[in-house]
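First comes the structure, then the notes that go with it.
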Amino acid sequence: MDLGLKKRTALVLGGSSGLGKAVAQVLIAEGARVAICARDSQRLTAAAAQLGAEALAADLSVPGAADEVVRAAEKRLGQLDVLVVNTGGPPPGLFDVLSDADWRAAFEGLWMSSVGAIRAALPAMRARRWGRVLVITSVAAREPVANLMLSNSLRAGLHGMVNALSKEVAGDQVTVNALMPGYTLTERLAELRLDEAKLISQIPARRIGTPQDFAAVAAFLASGPAGYITGQAIACDGGLLQSI
Ligand SMILES: NC(=O)c1ccc[n+]([C@@H]2O[C@H](COP(=O)([O-])OP(=O)(O)OC[C@H]3O[C@@H](n4cnc5c(N)ncnc54)[C@H](OP(=O)(O)O)[C@@H]3O)[C@@H](O)[C@H]2O)c1
């Protein structure tokens, strides 16, 4: 199937490693021109050179940074057809140990960066009557994961925004979807120090996902043929989620 991405442009936030990098790679393989964003400029530049992407260094948890990155991507690429919203996950922790500062930092990093990037990208997509917004969340948004209070709480809210926003922009042929990774082999998973054998026993597919599993679904949602899918939260989790 031709995904129709050959003349498209994309910005992948959190694109220097893990899921974001894999998504950028598959979009480029499909012929799109892509910009990636992350904080560590050395790793970002290396990833961009390896992929053949534009590099835009920024810390998305800084107020206003996400909007600026979108504007910079539009300048570098000419326009922005696909926006992949993604950053590092918030730190683990139970409710008891999280301070107001932890909640506020997670809200800025996860939520306001998403709002800022989407708000900056939407007007031009709507005017051109073509756009794809893809928000990388987590299976934790649908079924809370032990010890991930911040992620469980804030990502569920993002699904509310994705669904509500999709209705506002569908008439302009812009789709807005969330994509929920299950356990996937990236640095984030290593950071969480989970027991891999135990995880595998809980996953019906009996393996941890790869960034490439995830990127294939993302590329389809970013594609032309996916134009009638909007407002959804789609899991790529080897069958982990139990809810219908
Ligand atoms: N992997 C999994 O199993 C899994 C499961 C469920 C949900 N998720 C979620 O999916 C998202 C991506 O996960 P991943 O596994 O791909 O993580 P990862 O390998 O750690 O990659 C995160 C990417 O985001 C960038 N980043 C982090 N904080 C940023 C910031 N403030 N501003 C700009 N860029 C930032 C990182 O680069 P810099 O550090 O250089 O900024 C990196 O490029 C995370 O939110 C994670 O919680 C992952």
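Give the residue, chosen from Val70, Val12, Val26, that is in contact (Cβ under 8 Å) with a residue 60 or more places away in the chain and either in contact with an Asp or Glu (Cβ under 9 Å, 6 or more places away or on another chain) or open to solvent by less than 30 Å² (accessible area, probe 1.4 Å) (or both).
Val12
For residues that are assigned to a loop (DSSP other than H, G, I, E, B) and of a type in the set (A, V, I, L, M, F, W, C), tally how many sit in segment 203-235.
Looking only at that region, the number is 6.
Only one of (1) more than 18 Å from Asn177 (Cα to Cα); (2) open to solvent by 60 Å² or more (accessible area, probe 1.4 Å); (3) not aromatic (Phe, Trp, Tyr) is not met by Arg119, so which one is it?
It fails just one condition, (1).
This table checks each residue for (1) open to solvent by less than 30 Å² (accessible area, probe 1.4 Å); (2) among the small types (Gly, Ala, Ser); (3) more than 9 Å from the ligand (Cβ to nearest atom); (4) within 18 Å of Asn147 (Cβ to Cβ).
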residue: Lys198; (1), (2), (3), (4): no, no, yes, yes
residue: Pro204; (1), (2), (3), (4): no, no, yes, no
residue: Ile208; (1), (2), (3), (4): yes, no, no, no
residue: Phe214; (1), (2), (3), (4): yes, no, no, no
residue: Val217; (1), (2), (3), (4): no, no, yes, no
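Going residue by residue through segment 87-98, is there one that turns out to be of a type outside the set (Ser, Thr, Tyr) and under 19 Å from Ala219 (Cα atoms)?
The answer is no; no qualifying residue exists.
Looking at segment 40-51, I want the residues that are farther than 18 Å from Gly88 by Cα and of a type outside the set (Asp, Glu) and have a partner that is in a helix (DSSP H, G or I) and open to solvent by less than 60 Å² (accessible area, probe 1.4 Å) with Cβ atoms under 7 Å, at least 6 apart or on another chain. Which pairs are those?
Going by the 7 Å Cβ cut-off, the qualifying pairs are Leu51/Ala24; Leu51/Ile28.
Can you tell me which residue in segment 219-231 is least open to solvent (accessible area, probe 1.4 Å), limited to those that are hydroxyl-bearing (Ser, Thr, Tyr) and closer than 21 Å to Met161 by Cα?
Among those that are hydroxyl-bearing (Ser, Thr, Tyr) and closer than 21 Å to Met161 by Cα, it is Thr230.
Exactly one of these conditions fails for Leu194: (1) surrounded by fewer than 22 Cβ atoms within 10 Å (Cβ to Cβ); (2) away from the ligand (no atom under 11 Å from the Cβ); (3) within 20 Å of Pro211 (Cβ to Cβ); (4) not polar (S, T, N, Q). Give me its number.
Every condition holds for Leu194 apart from (2).
Conditions (1) on the phi > 0 side of the Ramachandran plot; (2) more than 14 Å from the ligand (Cβ to nearest atom); (3) at pLDDT 95 or above, marked per residue:
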{"position": "Asp2", "(1), (2), (3)": "no, yes, yes"}
{"position": "Thr9", "(1), (2), (3)": "no, yes, yes"}
{"position": "Gly14", "(1), (2), (3)": "yes, no, yes"}
{"position": "Lys21", "(1), (2), (3)": "no, no, yes"}
{"position": "Leu27", "(1), (2), (3)": "no, yes, yes"}
{"position": "Gln79", "(1), (2), (3)": "no, yes, yes"}
{"position": "Phe95", "(1), (2), (3)": "no, yes, yes"}
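So, in segment 29-40, exactly how many residues are more than 8 Å from the ligand (Cβ to nearest atom), more than 17 Å from Val217 (Cβ to Cβ) and either aromatic (Phe, Trp, Tyr) or open to solvent by 10 Å² or more (accessible area, probe 1.4 Å) (or both)?
Within segment 29-40, residues that are more than 8 Å from the ligand (Cβ to nearest atom), more than 17 Å from Val217 (Cβ to Cβ) and either aromatic (Phe, Trp, Tyr) or open to solvent by 10 Å² or more (accessible area, probe 1.4 Å) (or both) number 2.
Given the conditions (1) assigned to a loop (DSSP other than H, G, I, E, B); (2) more than 9 Å from the ligand (Cβ to nearest atom), report the number of the one that Val145 does not fulfil.
Against the list (1) assigned to a loop (DSSP other than H, G, I, E, B); (2) more than 9 Å from the ligand (Cβ to nearest atom), Val145 comes up short only on (2).
Looking at Arg128, Arg155, Arg132 in this structure, which one is open to solvent by 70 Å² or more (accessible area, probe 1.4 Å) and not acidic (Asp, Glu)?
Among Arg128, Arg155, Arg132, only Arg128 is open to solvent by 70 Å² or more (accessible area, probe 1.4 Å) and not acidic (Asp, Glu).
What residue, of Ala170, Ala105, is in a helix (DSSP H, G or I), out of contact with any Asp or Glu (no Cβ under 8 Å at 6 or more places or on another chain), within 14 Å of the ligand (Cβ to nearest atom) and open to solvent by 30 Å² or more (accessible area, probe 1.4 Å)?
One residue alone meets the criteria, Ala105.
Does Arg188 fit the bill of being more than 13 Å from the ligand (Cβ to nearest atom) and open to solvent by 20 Å² or more (accessible area, probe 1.4 Å)?
The answer is no for Arg188.
The values are calculated or read from the model by the stated rules, or taken from the named source; none is laboratory data. Small disclaimer: the values here were computed from a predicted structure and weren't measured. Virtual Cβ from ideal backbone geometry, glycine too; neighbours counted across all protein chains shown. Each accessible area value is taken on the protein alone, full model and side chains, heavy atoms only, with ligands, DNA and RNA left out. Shrake-Rupley method; radii C 1.70, N 1.55, O 1.52, S 1.80 Å.
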